[in-house]
Amino acid sequence: MSIEIRNLRKTFGEFDVLKDLSLTVESGELLALLGPSGCGKTTLLRIIAGLETADAGQVLFHGEDATQRPVSERQVGFVFQHYALFRHMSVFDNVAFGLSVRPRASRPAKADIRERVMRLLKLVQLDWLADAYPDQLSGGQRQRIALARSLAVEPRVLLLDEPFGALDAKVRKDLRRWLRQLHDDIHLTSVFVTHDQEEALEVSDRVVVMNRGVIEQVGRPEEIYEHPASPFVTQFLGDVNLFHGRVGANHVEIGDYAHPLDGQAPAGKGEASVYIRPHDLEISREAGQALATGTIEHIHSVGPIVRVELRRQGSGELIDAALTRDDYQQLRLALGDTVYVRPRKLAVFLDEGANI
Amino acid sequence: MNLSSATDRRSRSTTEPAWVRLTLTALALGYLAVFLLTPLVSVFYEALTKGFELYLAALVEPEAVEAVKLTLLTTVIAVPLNLVFGVAAAWAIAKFEFPGKQVLITLIDLPFSVSPVVAGLIYVLLFGAQGWLGPWLAAHDVKIIFAVPGIVLATVFVTFPFVARELIPLMQAQGTDEEQAARVLGASGWQTFWRVTLPNVKWGLLYGVILCTARAMGEFGAVSVVSGHIRGETNTIPLHVEILYNEYNFVGAFACASLLALTALLTLGLKSLVEWRASRPAAGRGHTELLARAAAEAKSPAQGKDKDDKGAPGHVLAETY
């Protein structure tokens, strides 16, 4: 089922949490709401669920206005950040809750409930824990039970608030993959909130990057990573080096260095900010046509990628570069060496007011 | 793990010398004996000093029986009232935001901060013969002061905070996540309250009710002001004890006092039981089964990988014993 959000506004006191926000979630997709804390992503999720009311705007489920519909009638599954399992109920009763509170007319028979609960527990691979209580479970197990509980009522939409936030790194990775798998199996329209760009990019079909109550960019993960639409998105998606330059006819100049802009040139000319990811910087020992010259200050060579910190000659700012282990060994880099960097790829944004 | 090092938590580096420990322990025990144990023992000693028959006779004497009846009646009315209003107030305060919340919290604490005698006087001032509503009540032949309704009112007032005060911090600590989860799952407000909110606070609630009951039975000050001390009619046990004592009927006074002391002991016993039950996590079915499963899981790393320490066999073991 699709979700359409139209011109949503929400303020908490003086603070604008959502500013005229519109968004469409396609039927069957897994969408990530990505942004720093305080950007309004959780508020948006809670408004979709009906746990929070918007000051203005509409939420439509499958084209039907659901703005005024109470939370208990929206048929959404919601997985809370801290799971919110019922602590006095066994795992079985937790998962059965949504079915057992239905009015007598639409409540399934006891045996049907039992069967459905056990099927869901098998789906999350925890059927052997049916008699356990929440405080006997690990974080990852609680998360999966919370998911099973929300699926038990056969929701039309699944909403997850920081689903992996409270787990340790290893469990998080496993669960992430598992959730993706699960979504591919059941194809339920799902929205999850995260502040972890890696999580958003890896798991979702589409990513919505939010900042201060507005949407900065919507797109497929590779789209967003390859073609960030704003300086904020560029910076939020990973480490980046910032240079200042000038946009010319078909190229951008950074000091004496000129980089061709083919196809993706920003409209207009003038002062611009240039962002280059560490792994898009090529290090060489030859001087010709270099963006900058620097001395190596640090080398972090643990893992498949070697990270090098350079002190730029002249300005003295730090430049982060990342290269493969092979390249690193070929170049025989050592602390104190003077090397030259040039970008393979960069993102250019005209500075505010510069293109007038 | 070495068992002896696990059970003996004392170590030389963190412990005072023997004489300090013994002195402090003796002081604490001595204090308890003088101020708590001796009075309790003396009540029963005085009550039984003239023999068991006289003790029993003092208890079945009609005025004593009436006093017991009145005390029970008062308790049976006051405790349920405070249970309902206490839960309602705690629920409103802990789970919702509304203007005037602080005022409500202060009001709930009022009976604790005001002297019970003052509380009694308020009712006399309101409902007494010379009080604001006195003439109207007299005209309609309703007796509140120097009658049972006054005693119940005063008791309700004095014992009001017990349930609410017990529940508010508990409910606040639990937050509203579980209620929200219940709502999203389609539960109505009532269902959420009965099936999620109330079960989560049941031990705290029981604890509050026990304290409330003990106080309702033992209240003296406020009740004394509104009762009028009519023998066999408006005397509760505490008031009856006072009258007997003032008449130098020590056996009678202490016999009745021993009833209150017994109630207190019973309350303490119940309270400890409730605390013990409440401190145990998710009360237990299937623990042995779980133990076996947890052990099996610990052996198979493929399944057990996302278990943290809390779910490890040791945790289950600790619970089973």
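The values are calculated or read from the model by the stated rules, or taken from the named source; none is laboratory data. Since we're looking at a predicted model, the values are computed, not measured. We place every Cβ from the backbone using ideal geometry, glycine too, and count neighbours over all the protein chains shown.
Do the conditions hold for A:Ala66, that is, is it within 27 Å of the chain's Cα centre (by Cα) and at pLDDT 90 or above?
Details: within 27 Å of the chain's Cα centre (by Cα): yes; at pLDDT 90 or above: no.
Considered against the rule, which asks whether it is within 27 Å of the chain's Cα centre (by Cα) and at pLDDT 90 or above, A:Ala66 comes out as no.
Whether any residue in region A:23-43 is free of Cβ contacts under 8 Å to residues at least 24 places away in the same chain, over 19 Å from A:Glu199 (Cα atoms) and of a type in the set (Ser, Thr, Tyr) is what I want to check.
yes
Sort out which residues of region B:212-257 are under 13 Å from B:Leu59 (Cβ atoms), modelled with pLDDT of 85 or more and among the β-branched types (Val, Ile, Thr), and write them in order of number.
Matches in region B:212-257: B:Ile237, B:Val241.
Can you find a residue that is more than 14 Å from chain A (Cβ to nearest Cβ), at pLDDT 50 or above and over 17 Å from the mean Cα position of the chain (by Cα) anywhere in region B:258-267? Lay out the reasoning, then the answer.
Taking region B:258-267 as the starting set, the residues that turn out to be more than 14 Å from chain A (Cβ to nearest Cβ) are B:258-267.
If we keep only those that are at pLDDT 50 or above as well, we get B:258-267.
Next, only the ones that are over 17 Å from the mean Cα position of the chain (by Cα) stay: B:258-259.
Checked against the condition, which is being more than 14 Å from chain A (Cβ to nearest Cβ), at pLDDT 50 or above and over 17 Å from the mean Cα position of the chain (by Cα), region B:258-267 yields at least one hit.
Which ones in region B:256-269 are under 18 Å from B:Glu166 (Cβ atoms) and surrounded by 17 or more Cβ atoms within 10 Å (Cβ to Cβ)?
Hit for region B:256-269 is B:Thr267, nothing else.
Taking the options A:Val101, A:Val95, name whichever one is in the same structural domain as A:Gln181 (by the TED database) and within 24 Å of A:Leu179 (Cβ to Cβ). I'd like the intermediate steps shown before the answer.
On the way: A:Val101 fails: within 24 Å of A:Leu179 (Cβ to Cβ).
The match here is A:Val95.
Matching residues to (1) surrounded by 14 or more Cβ atoms within 10 Å (Cβ to Cβ); (2) more than 13 Å from the chain's Cα centre (by Cα):
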{"site": "A:Arg180", "(1), (2)": "yes, yes"}
{"site": "A:Thr194", "(1), (2)": "yes, no"}
{"site": "A:Met210", "(1), (2)": "yes, no"}
{"site": "A:Pro221", "(1), (2)": "yes, no"}
{"site": "A:Phe232", "(1), (2)": "yes, yes"}
{"site": "A:His244", "(1), (2)": "no, yes"}
{"site": "A:Val252", "(1), (2)": "yes, yes"}
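Please go through region B:122-147 and pick out each residue that is of a type in the set (Val, Ile, Thr) and assigned to a helix (DSSP H, G or I). Steps first, answer last, please.
So in region B:122-147, the residues of a type in the set (Val, Ile, Thr) come out as B:122, B:124, B:142, B:144-145.
Matches in region B:122-147: B:Ile122, B:Val124.
Have a look at A:Ser106, A:Ser27 and point out the one that is small (Gly, Ala, Ser), surrounded by fewer than 21 Cβ atoms within 10 Å (Cβ to Cβ), part of a loop (DSSP other than H, G, I, E, B) and away from chain B (no Cβ under 14 Å). Even if it seems obvious, please write down each step before you answer.
Numbers: A:Ser106 fails: away from chain B (no Cβ under 14 Å).
It is A:Ser27.
Being farther than 30 Å from A:Leu44 by Cα, within 11 Å of chain B (Cβ to nearest Cβ) and surrounded by fewer than 18 Cβ atoms within 10 Å (Cβ to Cβ): is that true of A:Gln125 here? Steps first, please.
Details: farther than 30 Å from A:Leu44 by Cα: yes; within 11 Å of chain B (Cβ to nearest Cβ): yes; surrounded by fewer than 18 Cβ atoms within 10 Å (Cβ to Cβ): yes.
The answer is yes for A:Gln125.
Any residue at all in region B:148-157 that is in a helix (DSSP H, G or I) and modelled with pLDDT under 85?
Our first condition is that a residue be in a helix (DSSP H, G or I); within region B:148-157, this holds for B:148-157.
Going one step further and asking which of them are modelled with pLDDT under 85, we end up with B:148.
The answer is yes; a qualifying residue exists.
From the set of residues in region A:333-347 that are aliphatic (A, V, I, L, M) and surrounded by 13 or more Cβ atoms within 10 Å (Cβ to Cβ), which is farthest from A:His259 (Cα to Cα)? Give the steps one after another, and end with the answer.
Let us first name the residues in region A:333-347 that are aliphatic (A, V, I, L, M), namely A:333-335, A:339, A:341, A:346-347.
Those left that are additionally surrounded by 13 or more Cβ atoms within 10 Å (Cβ to Cβ): A:333, A:339, A:341, A:346-347.
Numbers: A:Leu333: 26, A:Val339: 19, A:Val341: 13, A:Leu346: 9, A:Ala347: 11 Å.
Ranking the candidates gives A:Leu333 first.
Against the definition (surrounded by fewer than 17 Cβ atoms within 10 Å (Cβ to Cβ), within 12 Å of chain B (Cβ to nearest Cβ) and of a type outside the set (Val, Ile, Thr)), how does A:Glu73 come out, yes or no?
In short, yes.
Here is a list of conditions, (1) away from chain B (no Cβ under 14 Å); (2) assigned to a loop (DSSP other than H, G, I, E, B); (3) among the acidic types (Asp, Glu), and A:Asp16 meets all of them except one; can you say which number that is?
Failing condition for A:Asp16: (2).
Cβ-Cβ distance below 9 Å, separation of 6 or more or different chains: which pairs start in region A:156-176 with a residue that is more than 12 Å from every other protein chain (Cβ to nearest Cβ) and more than 16 Å from A:Gln197 (Cα to Cα) and end on one that is buried (at least 20 other Cβ atoms within 10 Å of the Cβ) and hydroxyl-bearing (Ser, Thr, Tyr)?
Close Cβ pairs (under 9 Å, with a partner that is buried (at least 20 other Cβ atoms within 10 Å of the Cβ) and hydroxyl-bearing (Ser, Thr, Tyr)) amount to A:Arg156/A:Thr189.
Within region A:112-132, how many residues are closer than 23 Å to A:Arg102 by Cα and part of a loop (DSSP other than H, G, I, E, B)?
2
Does at least one position in region A:274-284 carry a residue that is more than 29 Å from A:His227 (Cβ to Cβ) and of a type outside the set (A, V, I, L, M, F, W, C)?
Kept after step one, since they are more than 29 Å from A:His227 (Cβ to Cβ), are these residues of region A:274-284: none.
Scanning region A:274-284, I find no residue that is more than 29 Å from A:His227 (Cβ to Cβ) and of a type outside the set (A, V, I, L, M, F, W, C), so the answer is no.
Suppose we filter region A:133-155 for residues that are at the interface with chain B (Cβ under 7 Å from one of its Cβ atoms) and in a loop (DSSP other than H, G, I, E, B); how many remain?
4
Tell me which residues, restricted to region A:314-330, are closer than 19 Å to A:Asn241 by Cβ, outside any loop (DSSP other than H, G, I, E, B) and not β-branched (Val, Ile, Thr).
Of region A:314-330, the ones closer than 19 Å to A:Asn241 by Cβ are A:314-324, A:327-328.
Narrowing the set further to residues that are outside any loop (DSSP other than H, G, I, E, B) leaves A:318-324, A:327-328.
The answer is A:Leu318, A:Asp320, A:Ala321, A:Ala322, A:Leu323, A:Asp327, A:Tyr328.
Would you point out which residue out of B:Ala187, B:Ala154, B:Ala182, B:Ala139 is away from chain A (no Cβ under 14 Å), among the small types (Gly, Ala, Ser) and over 24 Å from the mean Cα position of the chain (by Cα)? Lay out the reasoning, then the answer.
Working: B:Ala187 fails: away from chain A (no Cβ under 14 Å); B:Ala154 fails: over 24 Å from the mean Cα position of the chain (by Cα); B:Ala182 fails: away from chain A (no Cβ under 14 Å).
Just a single option satisfies the conditions, and that option is B:Ala139.
Where residues in region A:76-103 are closer than 17 Å to B:Trp190 by Cβ and among the small types (Gly, Ala, Ser), which of them is farthest from the other protein chains (Cβ to nearest Cβ)? Walk me through it before giving the result.
Looking only at region A:76-103, we keep the residues that are closer than 17 Å to B:Trp190 by Cβ, and these are A:86, A:97-98, A:100-103.
Those still in the list that are among the small types (Gly, Ala, Ser) too: A:98, A:100.
Working: A:Gly98: 4, A:Ser100: 9 Å.
Only one residue tops the list, namely A:Ser100.
Would you mind stating whether B:Ala64 is part of a helix (DSSP H, G or I) and either at pLDDT below 90 or in contact with a Leu (Cβ under 7 Å, 6 or more places away or on another chain) (or both)? Outline the logic, then answer.
Details: part of a helix (DSSP H, G or I): yes; either at pLDDT below 90 or in contact with a Leu (Cβ under 7 Å, 6 or more places away or on another chain) (or both): yes.
Against the criterion (part of a helix (DSSP H, G or I) and either at pLDDT below 90 or in contact with a Leu (Cβ under 7 Å, 6 or more places away or on another chain) (or both)), B:Ala64 qualifies.
I'm checking my understanding of the structure. Among residues of region A:264-287 that are in contact with a His (Cβ under 8 Å, 6 or more places away or on another chain) and either of a type outside the set (Ser, Thr, Tyr) or surrounded by fewer than 17 Cβ atoms within 10 Å (Cβ to Cβ) (or both), which one is modelled with the highest pLDDT?
My answer is A:Val274.
Looking only at region B:190-217, filter to residues that are within 19 Å of B:Ser272 (Cα to Cα) and among the basic types (Lys, Arg); which one of those is nearest to the other protein chains (Cβ to nearest Cβ)?
Residue satisfying both the conditions and the ranking: B:Lys202.
Listed here are the residues, each with its yes/no results for (1) within 30 Å of A:Arg107 (Cα to Cα); (2) in contact (Cβ under 8 Å) with a residue 40 or more places away in the chain.
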| residue | (1), (2) |
| --- | --- |
| B:Phe160 | no, yes |
| B:Asp177 | yes, no |
| B:Gly189 | yes, no |
| B:Trp194 | yes, no |
| B:Thr197 | yes, yes |
| B:Tyr207 | no, yes |
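Looking at region A:30-67, which of its residues are basic (Lys, Arg) and either out of contact with any Asp or Glu (no Cβ under 6 Å at 6 or more places or on another chain) or part of a loop (DSSP other than H, G, I, E, B) (or both)?
Our first condition is that a residue be basic (Lys, Arg); within region A:30-67, this holds for A:41, A:46.
Passing the criteria: only A:Lys41.
Condition check ((1) under 27 Å from A:Val233 (Cα atoms); (2) crowded, with 16+ Cβ neighbours inside 10 Å; (3) at pLDDT 90 or above; (4) charged (D, E, K, R)) across all residues:
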site	(1), (2), (3), (4)
A:His259	yes, yes, no, no
A:Gln289	no, no, no, no
A:Val302	no, no, no, no
A:Val308	yes, yes, yes, no
A:Gln313	no, no, no, no
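From the list A:Glu198, A:Glu115, which one is under 28 Å from B:Gln191 (Cα atoms), out of contact with any helix residue (DSSP H, G or I) (no Cβ under 8 Å at 6 or more places or on another chain) and surrounded by fewer than 22 Cβ atoms within 10 Å (Cβ to Cβ)? Steps first, please.
Working: A:Glu198 fails: under 28 Å from B:Gln191 (Cα atoms).
Residue meeting the stated conditions: A:Glu115.
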